[in-house]
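Structure first, then comments.
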Amino acid sequence: MEKPIVSAMLAYGMSGKVFHAPFLETNKGFDLYAVLERNEKKAIKDYQNIKSYDSISDLVADDKIELVVVNTPNDTHFEYTKLALEANKHVLIEKPATTTPEEFTALLALAKKVNRKVFVYHNRRWSSDIMAAKQIIKSKKLGDVVEMHLRFDRYRPAIGVKYFKETPIPSSGIWYDLGSHLIDQAISIFGKPISHFGTKNSYRENSQVDDFGFMYLLFPNKVNVFITTSLLISDPQPGIILHGTKGSFIKEFCDEQENQLIDGMSPLHPEFGLEKPNKEGKLTYYNENQEQIIENIPSLKGNFNALFDEVYQSIRNNKEFSVDNQDIIAQLKLLV
């Protein structure tokens, strides 16, 4: 790696502690330099050399910082990204990028004006299960894909303590939180949809935001994608189901990276990203002799770190970033 990118995070809650800091610290392309912590100073307990700021204005004014990670509540993404860009910083925004496509379009225009880059953190493109599904599609063992079902199920009947997720403010609720991942995965495989319809609702007692969301998407080549996410699934269903003209693939939602990071495993650990045993996907298809073949398909090693590698290569070497910002605009139109 060339000179590491000096980086700062705007929060050290779960997102900062679990999904960003471990990679910014261990990836040789980055220097985890600073964090915004208005109240309790927690980051220094884990990273002794980190610099803690009390205000975002002071943080973005630091000339050493090249990249700002906007991992704050969803409704602040536009404001904070704008501040960082105006201070001539590159920005990595947690999903969902903004509350509306118009906001994100405005940020892209500003980024172009100040000659800086905006990236959106869709790490689950590099989950072990979705990478396995992409590999199966590419193999053509399914023939032409007819339908795909993507689910993100949790059982959380109680109202959570995070106000920005449970209060009816812009981009709160499960559809923006988890539905954004599933829409992004579908777009990353099939491109932009040509039509769609969907619904969302709330079912938990006293819930003020949606805790269920569903969307049907029709893609080119007549590919049908069904997306569902819910906080009231006590028996989680398969996260990925694929049906094609020659076969089917069923995969449990079981990427281990989040759990491993919560448990404190380093992204450099040799077992990081590996699924637990007996979690293989089931591939059923017919060969040229019309014989049914059943195979257990182990997932590829999950690799959230690949996203950070791409951010580095884009900033330092002007290489393409996989999560295309025009796809983000298409995604936001579906979330609104």
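Residues are listed down the side, and each one gets a yes or a no for (1) of a type outside the set (Gly, Ala, Ser); (2) more than 15 Å from residue 91 (Cα to Cα):
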{"residue": "3", "(1), (2)": "yes, yes"}
{"residue": "9", "(1), (2)": "yes, no"}
{"residue": "13", "(1), (2)": "no, yes"}
{"residue": "16", "(1), (2)": "no, no"}
{"residue": "23", "(1), (2)": "yes, yes"}
{"residue": "36", "(1), (2)": "yes, no"}
{"residue": "41", "(1), (2)": "yes, yes"}
{"residue": "44", "(1), (2)": "yes, yes"}
{"residue": "47", "(1), (2)": "yes, yes"}
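In region 34-54, the qualifying residues are those that are buried (at least 22 other Cβ atoms within 10 Å of the Cβ) and touching an Asp or Glu at 6+ places or on another chain (Cβ under 7 Å), and the one that is nearest to residue 5 (Cα to Cα) is 34. For region 5-61, the candidate set comprises residues that are free of Cβ contacts under 8 Å to residues at least 12 places away in the same chain and among the acidic types (Asp, Glu); within that set, the residue that is farthest from residue 311 (Cα to Cα) is 40.
Scanning region 88-109 for residues that are in contact with a Ser or Thr (Cβ under 9 Å, 6 or more places away or on another chain), of a type outside the set (S, T, N, Q) and either open to solvent by less than 30 Å² (accessible area, probe 1.4 Å) or at pLDDT below 95 (or both) turns up 90, 91, 92, 93, 94, 95, 96, 97, 104, 107. Whenever a residue of region 267-285 is closer than 16 Å to residue 251 by Cβ and open to solvent by 60 Å² or more (accessible area, probe 1.4 Å), its partners that are part of a loop (DSSP other than H, G, I, E, B) and basic (Lys, Arg), lying with C-beta atoms within less than 8 angstrom and at least six residues away or across chains, give the pairs 274/301.
Filter region 207-250 for residues that are among the polar types (S, T, N, Q) and over 30 Å from residue 288 (Cβ atoms); which is most open to solvent (accessible area, probe 1.4 Å)?
Of all residues in region 207-250, those among the polar types (S, T, N, Q) come to 207-208, 221, 224, 228-230, 234, 237, 245, 248.
Right, trim to over 30 Å from residue 288 (Cβ atoms) and you get 207-208, 228-230, 234, 237.
Values: 207: 23, 208: 122, 228: 19, 229: 0, 230: 8, 234: 97, 237: 86 Å².
Filtering region 207-250 for residues that are among the polar types (S, T, N, Q) and over 30 Å from residue 288 (Cβ atoms), the one most open to solvent (accessible area, probe 1.4 Å) comes out as 208.
For region 217-237, a tally of residues being under 20 Å from the mean Cα position of the chain (by Cα) and assigned to a strand (DSSP E or B) returns 7.
Comparison of 136, 93, 130 shows that the only residue that is under 30 Å from residue 294 (Cα atoms) and in contact with a strand residue (DSSP E or B) (Cβ under 6 Å, 6 or more places away or on another chain) is 136. No other residue among 169, 189 is open to solvent by 40 Å² or more (accessible area, probe 1.4 Å), assigned to a loop (DSSP other than H, G, I, E, B) and of a type in the set (A, V, I, L, M) apart from 169.
As a summary of the residue check, residue 115 satisfies the conditions (1) open to solvent by 20 Å² or more (accessible area, probe 1.4 Å); (2) under 19 Å from residue 335 (Cα atoms) except for the one numbered (2).
Looking at 288, 320 in this structure, which one is open to solvent by 70 Å² or more (accessible area, probe 1.4 Å), assigned to a loop (DSSP other than H, G, I, E, B) and at pLDDT 95 or above? It would help to see each step written out before you state the result.
Details: 288 fails: at pLDDT 95 or above.
The unique qualifying residue is 320.
Considering region 55-81 alone, what residues qualify as being of a type outside the set (Ser, Thr, Tyr), closer than 24 Å to residue 4 by Cα and open to solvent by 30 Å² or more (accessible area, probe 1.4 Å)?
Listed by number, the residues that qualify are 58, 61, 63, 64, 66.
Do we find a residue being within 15 Å of the chain's Cα centre (by Cα) and closer than 18 Å to residue 238 by Cα anywhere in region 301-322? Within region 301-322, one or more residues are within 15 Å of the chain's Cα centre (by Cα) and closer than 18 Å to residue 238 by Cα. Of (1) open to solvent by 10 Å² or more (accessible area, probe 1.4 Å); (2) under 27 Å from residue 165 (Cα atoms); (3) outside any helix (DSSP H, G or I), residue 31 satisfies all except one. Which? Against the list (1) open to solvent by 10 Å² or more (accessible area, probe 1.4 Å); (2) under 27 Å from residue 165 (Cα atoms); (3) outside any helix (DSSP H, G or I), residue 31 comes up short only on (2).
Against the definition (at pLDDT below 95, within 20 Å of the chain's Cα centre (by Cα) and either farther than 18 Å from residue 135 by Cβ or buried (at least 20 other Cβ atoms within 10 Å of the Cβ) (or both)), how does residue 255 come out, yes or no? Before you say what the answer is, go through the steps one by one.
Details: at pLDDT below 95: yes; within 20 Å of the chain's Cα centre (by Cα): yes; either farther than 18 Å from residue 135 by Cβ or buried (at least 20 other Cβ atoms within 10 Å of the Cβ) (or both): yes.
Spelling it out, residue 255 is indeed at pLDDT below 95, within 20 Å of the chain's Cα centre (by Cα) and either farther than 18 Å from residue 135 by Cβ or buried (at least 20 other Cβ atoms within 10 Å of the Cβ) (or both).
Taken together, 179, 160, 198 contain a single residue that is without any contact (Cβ under 8 Å) to a residue 12 or more places away in the chain and either open to solvent by less than 70 Å² (accessible area, probe 1.4 Å) or in a loop (DSSP other than H, G, I, E, B) (or both), which is 160. Please work out if residue 204 is in contact with a helix residue (DSSP H, G or I) (Cβ under 9 Å, 6 or more places away or on another chain) and open to solvent by 10 Å² or more (accessible area, probe 1.4 Å). No.
The values are calculated or read from the model by the stated rules, or taken from the named source; none is laboratory data. Just so it is clear, the structure is predicted and the values come from calculations on it, not from any experiment. We place every Cβ from the backbone using ideal geometry, glycine too, and count neighbours over all the protein chains shown. SASA here: full protein model, heavy atoms, side chains in, ligands and nucleic acids out. Shrake-Rupley method; radii C 1.70, N 1.55, O 1.52, S 1.80 Å.
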